[in-house]
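Colleague: Below: one structure in structure tokens.
Quick note: the coordinates plus some simple rules give every number you see, no bench work behind them. As the structure is a prediction and not an experimental result, all values here were calculated from the model. Here Cβ is always computed from backbone atoms with ideal geometry, including for glycine, and neighbour counts include all displayed protein chains.
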Amino acid sequence: MALFDDIVEGFGSSWVSSVLVGIGVALVAPIVVPALAVGMRPLAKAVIKGGMMVYDKGAEVLAETGEQLSDLVAEARSDLDATATAAAEAAASAATDGNSIV
């Protein structure tokens, strides 16, 4: 930036420097912009591919987590059912211990 500052300082702070910079940009833009566009395409493609890979991996992790949570809920439900069945059997056994029917 020091070179640019030196060039601009030589013109002073008049509108002439602004016009010259504008003309320079207008002359260079048709050459630089297409070159940047061509160079940015592979970068943009790589960013999009990376985003797709992250999305796919996230979907996979989320599916696995959901499956593990579903398995855990099924195990807990099974344990509750087993506990309820054992309690019902214990209650039935306690109710028939004192009252033998023959």
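Colleague: Calculate the spin-label point distance for Tyr55 paired with Met40, positioning each point 7 Å from the Cα along the beta-carbon direction, and give it in nanometres.
Modeller: Taking the simple label geometry, Met40 and Tyr55 are separated by 2.1 nm.
Colleague: Measure off 7 Å from each Cα along the Cα-to-Cβ vector at Val25 and Ala95, then give the distance between these two points in nanometres to one decimal.
Modeller: The answer from the label model is 9.0 nm.
Colleague: Now for a separate question. Can you sort Ser70, Ser17 so the residue with the fewest Cβ neighbours within 10 Å comes first?
Modeller: Lowest to highest Cβ neighbour count: Ser70, Ser17.
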